[in-house]
Amino acid sequence: MCTAATYTTDSFYFGRNLDYEFSYGDEVTVTPRAYPFSLRCMGDFRTKYAMIGMAYVAGEYPLYYDAVNEKGLGIAGLNFVGNAIYHPAQDGKSNVAQFELIPWLLGSCATLAEARTLLAKTNIVNIPFSEQLPLAQLHWLIADKTGSIVVESTADGLHIYDNPVGVLTNNPPFPQQLFALNNYRALSPRTPAVAFADGLDLPVYSRGLGALGLPGDLSSQSRFVRAAFVRMNAKSGSSEAESVGQFFHILHAVEQQRGCCELDGGKYEITLYTSCCNADKGIYYYTTYGNHQITAVDMHRENLDGDRLVRYPLVQGEQIALQN
Ligand SMILES: C[C@H](CCC(=O)NCCS(=O)(=O)O)[C@H]1CC[C@H]2[C@@H]3CC[C@@H]4C[C@H](O)CC[C@]4(C)[C@H]3C[C@H](O)[C@]12C
């Protein structure tokens, strides 16, 4: 399971929780403009825009999980198991392999509007990266400061949905996720008036009663509702530190603690990392399961005209400031 979200103060922020039982060896990776991509169906591709994000680098190729480009467009891929279906190449379409979608869109588009235009004639092709790294069944949150969309490739083709809450988790398909919010229309950050029945005295014995019924479990539908509630109601100061701090609070509201989501073979799904990009400034902030101190990589401190990937292994282990 994973959760991705957007947030706007003075800057536009984009990030995600990556929830899984093991890490592929994730690195914060900058792809400069002259990096030579060779697309499986469309051949040589030079990006217009550099990007920064979390990737597993396989043989010098950046397999991005989430990234933003230097123009402030962001994309995150999240599991969509059992629903994601990719298709054979089609004439008259831009045929992009699933693992190429992030670099192709971020390398080509400055805005969400441009991404929508490209996606209208895109076909996500069922070509795996390699035998060892088969197709991942994903769907994507794509966003800039003007809004966000969800892209799902299913049996009947490519779907693009407007996303009014700026949040994505996993199954079921996005329209069902969004519809489920209707069930929570009475929830509020304010103390509710009594509507239960006439003539009953139900005193306000606690703060926080307005959100009683907000689902607290780790299922993807519940995380969607909880993340949407927190993200839509979250308030913060507009400084960089306050905004980034608040963004991590939003995603930590749906994080997975080791032990609470058990898988076969004695494994547990945990939030391996949480990311928060300042998409306007190209700064990638992250925490990991074992390191709550925020670490950051600024793409503009690298040579963005280069042709080689710049890679930063994640800083692991708690950084505790001893106060005495
Ligand atoms: C596991 C993650 C989803 C986390 C998640 O949602 N877990 C809950 C399970 S569930 O919701 O309960 O089902 C996903 C998200 C992005 C993925 C990579 C994308 C690039 C690349 C694509 C290649 O084709 C295969 C290898 C590759 C490195 C991928 C590995 C893995 O697949 C990644 C990390």
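Read the figures in this text as sums done on the coordinates, not as results from a lab. The shown structure was predicted, so the numbers you read here are calculated from the model rather than taken from an experiment. Using ideal geometry, Cβ is built from the backbone for each residue, glycine included, and neighbour counts are taken over all protein chains shown.
On the stretch given as region 4-39, residues that are in a loop (DSSP other than H, G, I, E, B) and either on the phi > 0 side of the Ramachandran plot or within 11 Å of the chain's Cα centre (by Cα) (or both) total 1. Scanning region 19-40 for residues that are touching a helix residue (DSSP H, G or I) at 6+ places or on another chain (Cβ under 9 Å) and either over 30 Å from residue 316 (Cα atoms) or β-branched (Val, Ile, Thr) (or both) gives 30, 31, 37, 39, 40. Exactly one residue out of 270, 320 is surrounded by fewer than 18 Cβ atoms within 10 Å (Cβ to Cβ) and either under 30 Å from residue 50 (Cβ atoms) or among the β-branched types (Val, Ile, Thr) (or both), and it is 320. Selection within region 148-157: residues that are more than 16 Å from the ligand (Cβ to nearest atom) and over 17 Å from the mean Cα position of the chain (by Cα). The member of this set that is surrounded by the most Cβ atoms within 10 Å (Cβ to Cβ) is 157. The listed residues are 182, 163, 170, and the only one of them that is free of Cβ contacts under 8 Å to residues at least 40 places away in the same chain and surrounded by 11 or more Cβ atoms within 10 Å (Cβ to Cβ) turns out to be 163. When region 236-263 is filtered for residues that are surrounded by 13 or more Cβ atoms within 10 Å (Cβ to Cβ), closer than 12 Å to residue 218 by Cα and polar (S, T, N, Q), only 256 remains. Region 43-147 holds strands (runs of 3 or more DSSP E) entirely within its bounds, and those carrying 3 or more residues that are in contact (Cβ under 8 Å) with a residue 60 or more places away in the chain, touching a strand residue (DSSP E or B) at 6+ places or on another chain (Cβ under 7 Å) and within 14 Å of the ligand (Cβ to nearest atom) map to 51-58, 61-69, 74-79, 138-144.
Residues being buried (at least 22 other Cβ atoms within 10 Å of the Cβ) and within 14 Å of the ligand (Cβ to nearest atom): count how many of those fall in region 30-42. Adding up the residues that qualify gives 1.
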